[in-house]
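Reviewing the structure listed below.
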Amino acid sequence: MTRVEVGLGDRAYPIEIGAGLLSQAGERLAGTVRGNKILIVTNAIVNNLWGEKLRQSLKKAGFSVATKEIPDGEDHKRIETVAALYDACVEARLNRTSAVVALGGGIVGDVAGFLAATYMRGIDFVQVPTTLLSQVDSSVGGKVGVNHREGKNLIGAFYQPKRVIIDTDTLSTLPAREVRAGYGEVIKTALLGDPALFAFLETSGADVLRLDAAALRRVVADCCRTKAGVVEQDERESGLRAILNLGHTFGHALETLTGYQTYRHGEAVAVGLIAACRLAEFVLGLPETVTSRVRNLVKAAGLPAHFPAFPAEDWRKALAMDKKNRDDQVTFILPGAIGQCRVLTDVSLGLALQVIEEIQG
Ligand code: NAD
Ligand code: MG
């Protein structure tokens, strides 16, 4: 098992990573949550695959456990779903010392976290992420919330979990496409803050993608460490935390243009990383070799390395909609080298469009 600490003072918490941790969840939570009542929030797919293992472990440790499923899919990451969960909390007689445990991907984690942040003004929250994306990204850092019909993640809070338990075995049932999508965020994390991880992906990325336990544990731990390091410095995104959005300005534009239907988020980020590198060649003098190395990682994982063709005007509008923007400037996070990146607000939109045109095909 590997342990990564998120050092946030009185809200500090451990992330535990390893194969088979689900069956130790009970003992791990015994010293973590205050009371003995737990509501597991999950969905039908994950519950059928992994729910019983978690419940058994929690019950063995003396917890009284209720489970509530939410419907699968981004469409259900909305306030009505949280409202149904409040009913489940009341029905299960959860009190101030009870805990919510999120068992699932990023959607379950974001929704369950918002529930925990708001039920009785905040009860203990634990993340048990079961997708690669949620293990390397969304379960760490305390952003929780739901979508509004006018925009993604418009309603939410910063609410840190008490513990994150990552059982890499749960990825054995994850569809291959979801593994690849999560891997897109892994490449992003390596590029923005971890040259050693980047080199490891170049030699051993295939091991990660075929879910070799040791490779997975290392990669998940490295990603959590980098994200924790950023969040420790800027928990509420007043500046630095924005670097976690490397590749996302282009990626979000692509998701917008394709109506969030064609690409998984991590796929859009993967091609977005190539675009960010290419743009950084012009703006920051990033060596061309870095762009090639990123492109190679993206291609080796079977992630998209090209943008689909859209008129430049559509791309311009989509880029201008990104929520990181202040006024009419488009913010780009660009790498200056492997493991270093900067937030730039004065990049020429024309140059970005030129890069997109080049990568279309
Ligand atoms: P997801 O939660 O939809 O999971 C993907 C699919 O995999 C779902 O169908 C799910 O039911 C299924 N699944 C989950 N675990 C499984 C398993 N072990 N075996 C088989 N199937 C399994 O998607 P995601 O990519 O994990 O998360 C995306 C969400 O995360 C988005 O809503 C995004 O906004 C959010 N997010 C949040 C943060 C944050 O900081 N809070 C960061 C990044 C993304
Ligand atoms: Mg992302």
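Bear in mind that the values in this text are calculations on the coordinates, not laboratory data. Remember, predicted model here, so these are calculated numbers, not experimental data. Virtual Cβ from ideal backbone geometry, glycine too; neighbours counted across all protein chains shown.
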Legend entry - Calculated [θ] (222 nm, deg cm²/dmol) that DSSP helices of n ≥ 4 give over the chain, each run adding -39,500 (n - 2.57): -14000 deg cm²/dmol
Inset, instruction - Sort the following peptides by mean Cβ neighbour count (other Cβ atoms within 10 Å, averaged over residues), highest first: 123-131, 47-55. - result: 123-131, 47-55
Inset, instruction - With a/c under 1.5 counting as rounded, go ahead and sort the range 132-224 into rounded, prolate or oblate using the C-alpha gyration tensor (a ≥ b ≥ c being the square roots of the eigenvalues; past the cut-off, prolate if a/b is larger than b/c, else oblate). - result: prolate
Legend entry - Global geometry of the range 240-361, whether rounded, prolate or oblate, following the gyration tensor of its Cα atoms and the 1.5 cut on a/c: rounded
Inset, instruction - State whether the range 71-166 is rounded, prolate or oblate according to the following rule on the C-alpha gyration tensor (a ≥ b ≥ c being the square roots of its eigenvalues): a/c under 1.5 gives rounded; otherwise a/b larger than b/c gives prolate, and the remaining case gives oblate. - result: oblate
Legend entry - the chain - Rg and Dmax from Cα coordinates, angstrom: 20.0, 61
Inset, instruction - Provide Asp212, Asp167, Asp75 in ascending order of the number of other Cβ atoms located within 10 Å of each residue's Cβ, fewest first. - result: Asp75, Asp212, Asp167
Legend entry - Amide H partners (placed H, <5 Å) of Ile40, local residues excluded: Ala66, Thr67, Lys68, Val101
Inset, instruction - Enumerate the calculated ³J(HN,Hα) couplings along the range 208-224 in order (Karplus 6.51 cos²θ - 1.76 cosθ + 1.60, θ = phi - 60°), each rounded to whole Hz, writing x wherever the residue is Gly or Pro. - result: 4, 5, 8, 6, 4, 4, 5, 4, 4, 4, 5, 5, 4, 4, 4, 5, 4
Legend entry - Taking Phe307, Phe332 and counting other C-beta atoms within 10 Å, the order from fewest to most: Phe307, Phe332
Legend entry - For Val6, residues with placed amide H under 5 Å, excluding near neighbours: Tyr13, Ile15
Legend entry - Whole-Hz ³J(HN,Hα) from phi, Karplus 6.51 cos²θ - 1.76 cosθ + 1.60, for the range 347-355, glycine and proline x: 7, 5, 5, x, 5, 4, 5, 5, 4
Inset, instruction - Just tell me which lysines come within less than 25 Å, Cα to Cα, of Lys60; anything on the same chain fewer than 8 places away is out. - result: Lys37, Lys68, Lys162
Inset, instruction - Let me know the charge dipole size of the range 227-361 about its Cα centre in debye, to the nearest 20, where only the beta-carbon of Lys, Arg (+1) and Asp, Glu (-1) is charged. - result: 320 debye
Inset, instruction - Report ³J(HN,Hα) in whole Hz for each residue of the range 240-250, in order, from the Karplus equation J = 6.51 cos²θ - 1.76 cosθ + 1.60 where θ = phi - 60°; Gly and Pro get x. - result: 3, 4, 4, 5, 5, 8, 3, x, 7, 4, 5
